1. Would you mind getting the accessible area per residue of region 44-92, heavy atoms of the protein chains only, 1.4 Å probe, in Å²?
2. Just want the answer: with Cβ charges of +1 for Lys and Arg and -1 for Asp and Glu, which residue in Ala55, Ala79, Ala97 is farthest toward the dipole's positive end in region 20-98?
3. How high is the FRET efficiency between Asp150 and Ala109 when r is their beta carbon distance and R₀ equals 22 Å, given to the nearest 0.05?
4. Hey, what number do you get for the chain at 222 nm if only DSSP H runs of n ≥ 4 count, each worth -39500 (n - 2.57), divided across all residues, to the nearest 500?
5. With axes computed from alpha carbons, what is the tilt in degrees of helix 136-146 against the longest principal axis of the chain, rounded to the nearest 10 within 0 to 90?
6. Test of understanding: extend the Cα→C-beta vector of Ser59 to 7 Å, then name every residue of region 9-27 with backbone N under 16 Å from that spot.
7. Using only C-alpha positions, report the orientation-averaged shadow area of the convex hull of region 78-183, nm², one decimal.
8. Rounded to the nearest 0.05, what FRET efficiency do Lys10 and Ala32 have when you use their Cβ-Cβ distance and R0 = 22 Å?
Amino acid sequence: TGTMAESFPKQWMPPVAWQQNKAFTTRQAIAAGMSKRQVAYRLHTGLWRRVAGDALRHSNTPESAMMLARAAYLTWPDATVCGPSVVALVGAPVSGAKVHVITPDRRAARYRLVPHNLTLAPDQHREWNGMKLTTMQRGFLDALAILPTDEAQFLFSWASTRARLTADDLADHHNHSPKRWGNNRIRRFLNDARKGIMSEAERIAHEILQ
């Protein structure tokens, strides 16, 4: 009803959202005094929108890479944000359509939330602002394996020209576990890096000139 929708200002969000990159959950909204029906009304009218997993946002709040990472934490606090979703935090040119995380066990994907069953060494992850993230180096390496080929190639060029990834990084990652998922692509990028090839066009030119 009208009064149900109007008992909270349209711009209202649970106060905790301001400490969570403006993301929040239904449970947090209810804990702050809103009813389930009021939450459902705001979602139905589009005033609130889903982010990923259990996380929501106000329609006036733009989505950001940080908000997507926070959404993963709000849904699965034991998950580690990885790959494209980590490198997006430093402005890498990757799609934010999905949120990629490494989980300690196998679990089904949730809305926009993609779990990966990968192994992390103790020095390849950290906590930051309450969230678990892989290191940026591991994030770039995982992103190269996760992304579609064209997007991975573009990211490789971007990261290589900004000293985010070196041939040594690629070699160490590959040699540590040669049968690791995604290593066929890592091997190709390693060969490119050693030859100074940064793009598909440069690879073709190199093959023609050989």
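1. Per-residue accessible area for region 44-92 comes out at 34 Å².
2. Ala55
3. Once the sixth-power term is evaluated, E becomes 0.45.
4. Rounded to the nearest 500, the figure is -13000 deg cm²/dmol.
5. Approximately 80 degrees, to the nearest 10.
6. Hits in region 9-27 for Ser59 at 16 Å: 9-13.
7. 6.8
8. Calculated value: 0.90.
The values are calculated or read from the model by the stated rules, or taken from the named source; none is laboratory data. Given the structure is predicted, the values throughout are model-derived calculations rather than measurements. Glycine gets a Cβ as well: all are built from the backbone with ideal geometry, and neighbour counts include every protein chain shown. Surface areas here come from the heavy atoms of the whole protein model, side chains and all, with no ligands, DNA or RNA. Shrake-Rupley method; radii C 1.70, N 1.55, O 1.52, S 1.80 Å.
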